[in-house]
1. Would you confirm whether any residue within the range 53-75 is more than 13 Å from the ligand (Cβ to nearest atom), in contact (Cβ under 8 Å) with a residue 12 or more places away in the chain and closer than 14 Å to residue 22 by Cβ?
2. Using the structure shown, decide if residue 13 is closer than 22 Å to residue 145 by Cβ, free of Cβ contacts under 8 Å to residues at least 24 places away in the same chain and either within 14 Å of the ligand (Cβ to nearest atom) or not in a helix (DSSP H, G or I) (or both).
3. Residues in the range 107-123: is at least one in contact (Cβ under 8 Å) with a residue 12 or more places away in the chain and more than 30 Å from residue 43 (Cβ to Cβ)?
Ligand code: HEM
C-alpha cells in the first residue's frame, strides 16, 4: 500500500505538470491560429491523457487499500469524518474521477474534427475544466508533509 501511496504522490507532480503544459499549449495554439501538429500537439495531449489515466487507476487502487479511502468511510461513517478525512476519502476521489472524464471527453472530441482551431479549443476547454477540478481538491497539507 505504501508503494501505491508513494507512486500516486510522486506521479501527481508529473500529471499536474503535463496537464498544465497541454492546457497552455492548446490555449496558445487556439489564440495564434496554428496548425494542430501531430508531432507536438497531438503527443502532448495524448501524454497528458495517458498519465491522468494511470493516476486514476492508482487512485482507484488506493481508494480500496488505503486507510484514508473507503476504510475511513466505513469506520468513521459520513458524519464521523472531519473535513480532512472527507477530502481524502470522498471529495478528492469523486472530483478527480470527474476530472479525468472531462479530460477524456476533450481528447475524444478533438479527434472528431479536422479543424485545428477547434481541436485546440476542445482540448483547452476540457483539459482546463479537468485541471481546475483536480487543483480544487488536492490534499495539499497531506502532500507536502
Ligand atoms: C487524476 C489526478 C489525481 C491527482 C493529481 C492526485 C493527487 C493526489 C495527491 C497529491 C495525494 C496526496 C498524496 C500524499 O499523501 O503524498 C493523493 C492522495 C489520494 N488520492 Fe489522489 N490524485 C488524483 C486522482 C485520484 C483518484 C481518481 C482517486 C480515487 C478514485 C484518488 C484517490 C486518492 C486517495 C484515496 C488518496 C489518499 C491516500 C492515502 O493517504 O493513503 N486520487 N492524490
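Read-outs throughout are calculated quantities, based only on the coordinates presented, and are distinct from any laboratory measurement. For clarity, every value in this text was computed on a predicted model and none was experimentally measured. Please note: Cβ atoms are built from the backbone with ideal geometry, for glycine as well, and neighbour counts cover all protein chains shown.
1. no
2. Considered against the rule, which asks whether it is closer than 22 Å to residue 145 by Cβ, free of Cβ contacts under 8 Å to residues at least 24 places away in the same chain and either within 14 Å of the ligand (Cβ to nearest atom) or not in a helix (DSSP H, G or I) (or both), residue 13 comes out as yes.
3. There is no residue in the range 107-123 that is in contact (Cβ under 8 Å) with a residue 12 or more places away in the chain and more than 30 Å from residue 43 (Cβ to Cβ).
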